[in-house]
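A short write-up of the structure that comes next.
No value in this document is a laboratory result; all are computed from the given coordinates. It should be emphasised that the depicted structure is a prediction, and the values quoted were computed from it without experimental measurement. Quick reminder, even Gly has a Cβ in these numbers, built from the backbone with ideal geometry, and neighbours come from all protein chains shown.
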Amino acid sequence: MGKKLKSILVVLLSSVMIVTSPLLIGVNSFTSYAASVSVYDQLQKLYPIGTVLKSDSFPGLLLSYDGKDTYEVKEGSNKVALNITVLDEKFAKTSLPSLKFFFGLNKLELKKGKTLSFSAIFTGISKEGYKSLLQKTGNKTLIDALENGTEIPMSVLTAIADTREFEAFDAAIAEAVKEQAELERASTEEAKEETSESENQDIIDLYTRTIMIFLNGTDLESNTCFGTKNMLDLLRANIPDNTKIYITTGGTKKWHMNDGDYYADYACDLLYPDKQIADLDENEKKEVNKYADELYDLYATDISRDVQIYEVLKDDNNINYLSLRETYTDLYFLDNTYLTDFINYVTSSTSSEYYDLILWDHGNGIKGYGFDEIYDDDVKEKKTDKRNDVGFTLDKLMASIENSDFIQDGKKFDFIGFDACQMATIEVADALHGYSDYLIFSEENEPGAGWDYYEFMTAYSDNPDMETTELATNIIDSYMNQYKDNSGNITLALFDCSKMDDLNDALTDFAIALLGDIKDITGYEMVITTIGKEGDYGTKNGYDNNCLLDIVKLCNKLSNEQGISPALQNASINLKNSINNNAIIYACGKDKEYVNCGLSINFPIQPFTKVYAGKDEKGDLNYINTKASDVEEIYGNINANDVYMKAYAQLALTTVSAFVVGDLWKDTKNYNVDDIIKILEDKGEDYKTSVLIEKAGIDFEEAEDLKEIISYFVDNRVKKDNITITKDDVEQTATIEIVNVDPVVIDNTVNVKVALKIDNTYQDIGQTSLFTHASEKSTENSSVSITVTPFDQKWYTLNDQITSFYMTYFDSETNTYFGYIPLTIWNNVGDVATPDGYKKREDYFKEAASDGKLRTIFLNVSSENDKFSFDSYQDVYNGAAGPYNDIETLEGCYLELLSGASYVVDSATDVMIHSIGTVFFDKENSLKLQTITDLMPIYTLSDSYGNQYQLSKDEYGSDVLETYVTEVHVYDTSFENSQKLAEEVRQQAAKDAEGMAQNSENDQSADETDSDKSLRAVGTDEPAEPIISEAKSETTDSQTESTDTAEAKEDVVTEAISDEKAKTTVSEDKESVVAEGEENIAAEEESTEIKESSDDANNGEETLNVEASNPDAQNNAEDSDEKDENVSIDNEDAIKQSEDAAINEDTSEDHDGGSDEGDDQQDYNNDEDSISEDSNENQE
C-alpha cells in the first residue's frame, strides 16, 4: 500500500507543477519537482492576499463561492462554501490536481452536470510571504510573474484555457503515471495490477479506508443526545490521513450538535466524570464552562431535521469538523432507497481500498433495524400515509444494500457494523454475509452511547495500516472497556462472512436431528424442558421474551442432556464447533455467567403470546398473537435456512397446540384431537397457526405424529374442575392441587397479580411471585401440589404514593428480585397541575397524553434483602421497551404513576391505563412496601406452554383466594391518602412553573444586550456560550471533594491544555452565563392520620399513619462569574483517562435493548413495515 501511495503522490505533485506553470514545465521535469516535495507542500492551500477566484478559474468546472461568482482571498484563514458543477468531463479531469492542491478536495465525480458542495478552508498570506516560498522552489518564471503583479496562481490556471494545452496537460499526467507504473512493475506483479488500476482512474485515490456512518438519531438523540456524543467523540479523535469518514444524519426530531447546554454536560463528563453539574463548585463550573466554550467553538454544527450528508474534514489547525455535502428535504431517513443513495454517494465521491458501513440506531435482530422518529410522528398526525417503503425489515435492509452500485459492481464492504441492539443473530448474518467480509454486532442490547468512537479511532490512528480484524478487535475491546463498570451483560462480536456456508450446513444437520427428536411426545417434552422458557438476550420475563438463545449455550444444553438423542447431541456439538473460533473470530461478553459465543438464534421457546393490545377499529379490546409465525414469515422473506425453518415451525406448532388446549381450561366440555385440529385450522388467524402449518409442511390427514402429541395434550390438559384449593388456618397456608395432568409442564411458582379498588372498580397495579411457599409433583398420581401463603396486603409506594410494580425475576436463595414501575414523564413542569375546568384528574391526564405532553417509561427496580434501588429506565412505545437510560436523567422530573400499564400500547392514551398519582423524582426517592387498603390478590398458575390460569372468581369460579389475605388492623396508607400527596406535588409543580417563568423574564431582560450571542443555528458568527443550569436533570448524590483533590485535578487539566497539539486558542473575553434557579424552598413534611372502619369481628377502628413529604424544590440560585482567560482545548488523551467513568454513568439508554443491569441501544418492535409497529417486541 505504501508504494501505491508513493506513486499517487508523485503523480499529484507533478500535476500541480504543470498546473502552476504549464507553458514552461515539461514532462521530463517531473522528477526534479517531485524531489522538492517539502517546498511545494508549503504552497498547498495558500493564496496571496487579494487573489480573485472566479467561477471559471478551474477549466471544465463552474464554481460559486458562498453563492457568488467571485471571491477575493482575505488575510488569514478563509472558509468558503464551494459549489462545483462539472461542465466538461475532459477539461474537468485536468483540474482535479488543482482542486486537491489549492482546496484539499480529494475527489469529484466526473459526470457532466454533476454538482458537489464542498466547504474549503485555505489561507491568505502577503505577497512578500508568498514570494519567499516561491523563491525556495527555484522557479524563476513564477517568481517573475509575482514580481510583475500577475495573480498567482490564478493567471497561470487561466493560461491553460485552450484545448491544445489541456491535451498537453493530459499527456503529461499520463506520461507521469506511465513512468511510475514501470517503476512499480519492477517490484511485484501485485504492484503492477495496482498501478494499472490507477491509470484507469478518473480521480486520484488517497484513501485506505472510507467509513460510512448511517446515523439514524431517533429518540436516542432527541431524548438523550447520544448521536451528538458519538459525533463529538469521533471529531475529538485523531483521524488518520488515509481515512475518509462520511456521516449521514436524520430520523430524529432534534439534534444537539449546536446545543450549548449539551456541550456543558459533555465537558463536565470529560473533566469530572464522577460528578454532575449540580455537584460542581464554582471554580469547577467555570472550568467546565470554559472547556464547553472551546468544544462549541470547534465542533458546533447546525444539523437540521432534514436528511443530510456530512464529510469529516480537517482545518488548517488539524481540527476535525463536519462539512455539509448534501441536504435532502421531503425525504424520510429510512426510505428504503436512501441507504442505497447514501452508499452510492460515498463510493462515487471517494475512491478507497476499503469501505465500511456502520448502521447506528435501534436494532431488533431478525425483525430489522431502526425506526424513523419523524416518519412515525407524521403518520400519527396524519401528515403522511403509512408506507411500505419506509423502515428496514431485514429483507428491505438486504435490498437497500444490494441495490447500490457498489454491490452491483461486484464489490463488498470490508465490514458492516451494527451499533445497535440484538443484531448478532444467525439470521442477520445469513442475510448480509454476501455484502461484506465481516460483520460486527451484538447479541445483547447495547447501551445508548454505543461504541467508543474516540478510543477505537485513536487506536486506529496509531496504526492506520492495521488489518480489519485488528480494527474490529479494537472496536470490541474499547466498547467493552467503556462499560466495564456497568452491571448486566454487554456483548460484541466479529463474524467472518466467508464461513457462513459451512455454518449453514451445520445448522441444517442440527435441524434434521431436531425434527427427529420432537416427532413424539417424549422427545418433545425433553427438548422444551431442557431448553426452558427464558431467552438469553433482550428479555424481560414480566412483559417480553425475544426468544433469542446463544447458539453455543443452546448446543451445550442439548449435547449434555442424557434424554436427548445421540443424533441431536452430535449435531449440537458440530454446530457449536462451526461457531467457536471459526465463524466467530472474536467475541466478548461482560457477564461471565453467560455463555456468549457471539451469535444467537431465534428458537420458539415462547412461540405464542396473548397480550392486550388496545382497542381494534370497532372499539373492542384487541389482543396480539405473535412470535413464531412472524419469524417464519421473515425466514421466507430473506431465504434463510429452509430446513431449520421447517423444524422451527413444527416445534412452534406443537407448542401452540398445547396453548390452544390450555386456553380451554374453563370449558368443561370433553375435547378430542379432531376438535383441536379444527380450532387450529379454523382459528388460524387468532392463534397465528396458518403460517406455521404451511412452513411445517403439515397435512393433518397424514400427520399421525402430531395427532399423537395433541392427544397427549388433550388427555393432560388443565381444567378448572381438576383444581382444588384447601386452606390451612393453623399453618396459614393454602394448597392448590391440580390432578390428571403431566406434572412436568406445570410451573413451580404461582404469581400473584394485584389489583387496587378505585371508584368501585379494580385496576391492575402489578404482579409478584413472593407468595409461593413450596411445590410438590407426583408423576405416579399425575398431580401437582403448590403451597402458597396469604397475601400480606403490602404493596409498593413511591414517595409514599401507591404505585404499580411488576416483578420480572425472583431468586429465593439470595432474596433478590427485579421488576419495573410504569410511569409517564411530564415534558413541561407547567403542564403537571390539573387546570381549572376539569372535574377529574383522569380527564385531564388523558387529554394531556393525547396532546403529547408526556411520554411513557418503565422504571427498572431491583431489591436485595429488602433494600430497593432504581437501576435504569426505558422509554415505551407500542408495547415495546426501548433503550436503558441512566436513572439520574430522571432527577428533577415530575412523573405520573399509572395503573393498568403492564403492557403499554399507545402511551397513556390507552383505555386500560389510568393515573393514580404524581411524584417528583429526586435524590430522596423512596420505594417501600406498605400495608394498603382495598387491594385484591389474584393467584395465577402457569405452564410450560405459556398458558396462565387465574384462580379468581371470574375465571375459576371461586373467590377463595381473592380474599386470602393476612389480617391487618392498622394500614399504612390508602388510595385516598395517596391522592392527597399527589395533589400536593402537583401544586408544587405549579409553583415551580411560576418561578421558572419569572426567572425567564428576568433573564430575558438581563440578556437583551447580548441577543447576538444566540446559537449558530440562527446564523450569527458568535456562538452561544453553553449555559450550566441547575435545572439539568442529570444529577447524582451530592459529592464533596477536598481542596487538595480539586487542585490536583485542575493541575492535570492545565497540563493537558498545554499539551494540546495545534489547537486554536480562543482569546476573547467571555462571560460565563449561569442560569439562575428559583429560591430554595424548604421541604415541608406533615404527618397525617386517617382512620377507617375495620372489617374485623370487633368492628374496631383502624388508624392509618401516613407520612407525606413535599418534593424538594431543586432550583438553587447561582451568581454569574466573569471569565477573562485565554482558553485552549484540553489534551484529549489526558481527558480520556477520566472519560470512561463518565460513560458508565451517562450512557444508560440503549440502542434498544439491554437488561436491567445495563444500558442498551435497544430496538423498538418492527412489524413488516417498521420496528416501532410491533407491540410485542423490545426494540433492543
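Listed values for segment 73-83 are Karplus-derived 3J(HN,Hα) couplings in whole Hz (6.51 cos²θ - 1.76 cosθ + 1.60, θ = phi - 60°), namely 5, 9, 6, x, 6, 10, 10, 10, 7, 8, 10, and x replaces Gly and Pro.
For the peptides 462-475, 258-271, the ranking by packing is 258-271, 462-475, with the highest mean count of neighbouring Cβ atoms within 10 Å listed first.
Among S782, S769, the order by Cβ neighbours within 10 angstrom, fewest to most, reads S782, S769. Annotation: extensible slack from N83 through D674 equals 205.4 nm (criterion: 0.36 nm per residue apart, minus Cα-Cα distance).
Taking Cβ atoms as reference points and 12 Å as the exclusive limit, the residues near D437 contribute a net charge of -1, counting Lys and Arg as +1 and Asp and Glu as -1.
Note on N722 and E704: the extension gain reaches 3.6 nm, defined as 0.36 nm multiplied by sequence separation minus the Cα-Cα distance. From the cross-link list K112/K314; K386/K853; K666/K928; K646/K669; K314/K380; K590/K777, which pairs have alpha carbons spaced over 31 Å apart? Going by Cα-Cα distance, K666/K928; K646/K669; K314/K380; K590/K777 fall outside the 31 Å limit. Placing a label point 7 Å from the Cα of D934 along the Cα-to-Cβ direction, the residues of segment 840-856 with a backbone N closer than 17 Å are 840-843. Among H362, H433, the order by Cβ neighbours within 10 angstrom, fewest to most, reads H433, H362.
So who's got an amide H within less than 5 Å of the one on M423, skipping anything under 5 residues away but keeping other chains? H placed 1.01 Å off N, in plane. Excluding prolines and chain starts, which carry no amide H, the hits are G365, S442. Between the amide H of V861 and those of G819, Y820, I821, D871, distances stay under 5 Å, these residues lying 5 or more places away or on another chain, with hydrogens modeled in the peptide plane.
Peptides 712-724, 836-848 ranked from most to least packed give 712-724, 836-848, packing being the mean of other C-beta atoms within 10 angstrom over each peptide's residues.
Our coupling estimate for segment 562-571, obtained by passing each phi through the Karplus curve with A = 6.51, B = -1.76, C = 1.60 and θ = phi - 60°, is 5, x, 7, 5, x, 5, 6, 4, 5, 5 Hz, Gly and Pro reported as x.
Between the amide H of T210 and those of K244, Y354, Y355, D356, distances stay under 5 Å, these residues lying 5 or more places away or on another chain, with hydrogens modeled in the peptide plane.
Exposure proxy ranking for L298, L507, based on other Cβ atoms within 10 angstrom of each Cβ and starting from the fewest, stands as L298, L507. Modelled spin-label separation between V911 and E467, with each label point placed 7 Å from Cα along the Cα-to-Cβ direction: 6.2 nm.
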